[in-house]
1. Residue by residue through segment 299-313, note down the ones that are modelled with pLDDT of 85 or more and under 22 Å from the mean Cα position of the chain (by Cα).
2. Mind checking which residues of segment 205-263 are of a type in the set (A, V, I, L, M, F, W, C), closer than 27 Å to Ala181 by Cα and not in a helix (DSSP H, G or I)?
3. Going through Ala165, Ala181 one at a time, which residue ends up being surrounded by 21 or more Cβ atoms within 10 Å (Cβ to Cβ) and either at negative phi or at pLDDT 95 or above (or both)?
4. Regarding Ser241, is this residue crowded, with 23+ Cβ neighbours inside 10 Å and among the polar types (S, T, N, Q)?
5. Tell me the residue from Ala237, Ala265, Ala233 that is in contact with an Asp or Glu (Cβ under 7 Å, 6 or more places away or on another chain) and within 12 Å of Gln72 (Cα to Cα), please.
6. Is it true that some residue in segment 153-160 is more than 21 Å from the chain's Cα centre (by Cα), touching a residue at least 24 places away in the same chain (Cβ under 8 Å) and on the phi > 0 side of the Ramachandran plot?
7. Just checking: which of the helices (runs of 4 or more DSSP H) contained wholly in segment 85-170 hold 1 or more residues that are β-branched (Val, Ile, Thr), closer than 21 Å to Asn65 by Cβ and in contact with a Gly (Cβ under 7 Å, 6 or more places away or on another chain)?
8. Just give me the residues in segment 252-261 being of a type outside the set (D, E, K, R) and crowded, with 21+ Cβ neighbours inside 10 Å, in sequence order.
Amino acid sequence: MKDLGGVAPKADTSVKNRGMGVFELLGKGAAGFALVLLIVYLSLATPSFLDLNNFLNIARQSSINAILAVGQTLVIIAAGIDLSIGSVMALAGCVMAVAVVKYGVPLFAAVLLALLTGVAAGFLNGYVISRGRVPDFIVTLGGLSAYKGLALIVTDGLPIAGIPAAIVWLGSGDILGIPVAAVGAAIVAVIGWFLLTHTTFGRAVLAMGGNQEAARVSGINLVRTKILVYCFAGLCAGIASIFMVGRLNSANALMGTGLELSAIAAVVIGGTNLFGGQGGIGGTILGVLTMGVLANGLDLLNISAFWQQVVLGVVIVAVVVFDQWRRRRWGM
């Protein structure tokens, strides 16, 4: 660049900046925009969609995914992935159910046991990943199979019935007409948001996901942060297991199958960067609601469950493609 009086000429970036503003807004509001479009379309396509009971049903059905997705959000922001979270949820729920039904453990102790099981599984994931320096994908893929196998061992491969009424109420009951599970999911989301945005731990997670080397140089304990992230994800799985067992009125080793993918999908649709460093709980909740509304709408339109999986897969890929294009084009 030619020197003019010792001062380099300043490029006119106003057009680019205006463009970045538009696409940044689109990127951050993509899930919300998609959700609004879905609601408008489905309200016109099927009158029963706008029924209050239907919205409450969507909230109830989305609550488990929301709890799991909150934990998955922190993992992905930290540049990780947890493929075992569905199996951890199944194991925690089965441990709780067997403790109560077969061994007569007091309900409070059994619930605590479910939470501790989730945290222990998360700790094991995080420890092996950070101390063993094994990729998150490999460790949690192994965990997906191992934790499901442990759940089968705990239950002898059979569903556990006779769940206490208090647990059933958590999964299927209401508070002032609002599903208890949805209230629980909202509380977990607020806790996740607070941890991510108002604590040193949250800042460490964002820093580690953005640039691990820079985070290490700045004094962040990467091993501890990674372990804590997976412990939180395991805790979310333990919480989700309580509501899932209550909703099903039973526990079985396969009740978490595929839920890890649903949680990842919600996080991705919500705008969290799959490569870490960027994302938020608010976007994840929008992603969860988008998936819930989409599934509900397809049911009301009598679309086959097989085609629903196809539609969801296309939506996920489209969102990721758009997000990566936006980042490359506008440097976000």
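1. Val310
2. Residues of segment 205-263 of a type in the set (A, V, I, L, M, F, W, C): 205-208, 214-215, 217, 220, 222-223, 227-229, 231-233, 235-237, 239-240, 242-245, 248, 251, 253-255, 259, 261, 263.
Applying the additional criterion that residues be closer than 27 Å to Ala181 by Cα yields 228-229, 231-233, 235-237, 239-240, 242-245, 248, 251, 253-255, 259, 261, 263.
Once the filter is applied, which keeps residues that are of a type in the set (A, V, I, L, M, F, W, C), closer than 27 Å to Ala181 by Cα and not in a helix (DSSP H, G or I), segment 205-263 yields Ala251, Ala253, Leu254, Met255.
3. Working: Ala165 fails: surrounded by 21 or more Cβ atoms within 10 Å (Cβ to Cβ).
Unique residue meeting the criteria: Ala181.
4. Values: crowded, with 23+ Cβ neighbours inside 10 Å: yes; among the polar types (S, T, N, Q): yes.
When the stated conditions are applied, Ser241 passes them.
5. Working: Ala237 fails: in contact with an Asp or Glu (Cβ under 7 Å, 6 or more places away or on another chain); Ala265 fails: in contact with an Asp or Glu (Cβ under 7 Å, 6 or more places away or on another chain).
Step by step, each of Ala237, Ala265, Ala233 is checked, and only Ala233 is in contact with an Asp or Glu (Cβ under 7 Å, 6 or more places away or on another chain) and within 12 Å of Gln72 (Cα to Cα).
6. The initial filter retains those residues of segment 153-160 that are more than 21 Å from the chain's Cα centre (by Cα), namely 153-160.
Pick out the ones that are also touching a residue at least 24 places away in the same chain (Cβ under 8 Å) and you get 154-155, 157-160.
Okay, now just the ones that are also on the phi > 0 side of the Ramachandran plot, so 157.
Checked against the condition, which is being more than 21 Å from the chain's Cα centre (by Cα), touching a residue at least 24 places away in the same chain (Cβ under 8 Å) and on the phi > 0 side of the Ramachandran plot, segment 153-160 yields at least one hit.
7. Working: elements: 85-101, 107-132, 136-155.
Filter on segment 85-170 gives 85-101, 107-132.
8. At the first step, the residues of segment 252-261 found to be of a type outside the set (D, E, K, R) are 252-259, 261.
Of everything in segment 252-261, those that are of a type outside the set (D, E, K, R) and crowded, with 21+ Cβ neighbours inside 10 Å turn out to be Asn252, Ala253, Met255, Gly256, Leu259.
The values are calculated or read from the model by the stated rules, or taken from the named source; none is laboratory data. Worth saying up front: this structure is predicted, and the values here are computed from it rather than measured. A quick note on method: Cβ atoms are made from the backbone with ideal geometry, for glycine too, and the neighbour counts reach across all protein chains shown.
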